[in-house]
Amino acid sequence: MSSLAGRSLVSIDELTGPELIGLLKLAEAMADAIGFAGSKGPTSPLTPLDRILAAMFYEPSTRTRLSFESAMLRLGGQVTGFAQSTSSSAAKGESLADSVRIVSGYADVIVVRHPLEGAARVAVRASKVPVINGGDGAHLHPTQTLTDLFLLLRRKGAIEGLRIGLLGDLRHGRTVHSLAPALARLGAEVLCIAPPQLGMPRPVLKRVAEATGSPPMEVDRVDDVLHLLDALYVTRIQTERFEEPGGHQEVAGAYRVDSALLANAPADMLVMHPLPRVDEIDPAVDDDPRAVYFEQADGGVPVRMALIATMLGLHALPKAKVTERALKPLEPVTGVSGHCDNERCVTMHEPYVPPEFVTYADDTVCAYCERPIHGTGE
Ligand code: NCD
């Protein structure tokens, strides 16, 4: 049987379907144990656990960092770390790899969040202990996907057959880059709803198509597809990730979920959001029973408890039977003479990282940021 003990997690694609669903089952047991979602509170006293989680956060975070810390504390363990790069030795010029190497001597598991795409992969290479990607730039956010799937399973009973609309800044939002292929693998249909400038990156569209046989539907107006949806997954405009400063102004206010919009939505359509929201969901929507984003965020604790516990070898994964649409494994590509030209890729900023390439949905991509390489070929 597969085990997550000792493994790291950079991309949700590294988990098989049974591992994913097994984790969500364990998260359900954790939720019961801590008295999640309106029940009476913890059912059993904490047993101290002689393990330490280090949170290395080089980018702002509320939910991810605090829910990881809360999860470790709920498991009985201890936490250490930093919440901003200015309070770490990065401010003195230390490389990411060196910092991770050091912290891996102080902790049993590390969660790292970083503004550069591919940073989590660098951290895995440098660490002596398992590393969890807590978000690497505009690239990936696998534990948010686990949290999203947990909510969907709880509320809808199954992932297979669901139709999920992803709305907003699909170009720069890392949560949807992880979520879309995972939904596709588990048999859900993904619809991409975004202004043309904010569309889903081509590699992610191709990855979804790999699982389902055809690329997802792309539309720019939510009204056109609202009636089809089991869930609308709203995301904010990622103001801080635009290539040109101020580029977000062109798309500001391009979409908004409010009571008028929801008047035309199915009665059982969930409104999800990884949060934080800015102005894309009217606070008046919070009282609508379809609005589940706060419950979704609460699920981050039991989900991360399940992940940490299995990675530390404290819990076996519950068995799960899953019909999965397979994704092609990423195969190493050698002999590429080009280099990654993505300004936000970790290989551009941490010069000691050797370039590496893999096949991703039939393209040759940078193994760190997964952007296609415009090199001179093999
Ligand atoms: C998201 C993130 O950091 O990518 N937040 C989160 O972790 N829940 C979404 C966002 O910042 O828009």
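Per-residue ellipticity at 222 nm, computed for the chain from helices alone with -39500 (n - 2.57) per DSSP H run of at least four residues, works out to -8500 deg cm²/dmol.
Under 5 Å between amide hydrogens, built in the peptide plane, is the criterion, and for Leu116 it picks out Gly137 among residues at least 5 positions away or on other chains. Each Cα pair under 8 Å and six or more residues apart adds its separation to the average, and for the chain the resulting relative contact order is 20 percent.
Label point 7 Å out from Phe294 along Cα-to-Cβ: which residues of region 264-286 have amide N under 18 Å? Hits in region 264-286 for Phe294 at 18 Å: 270-286. Taking 0.36 nm per residue of separation and subtracting the current Cα-Cα distance, fully stretching the chain between Ala33 and Thr16 would add 3.6 nm.
Bear in mind these aren't lab numbers, they're just calculated from the coordinates by the rules spelled out. Just so it is clear, the structure is predicted and the values come from calculations on it, not from any experiment. Neighbour counts run over all protein chains shown; Cβ positions are idealised from the backbone, glycine included.
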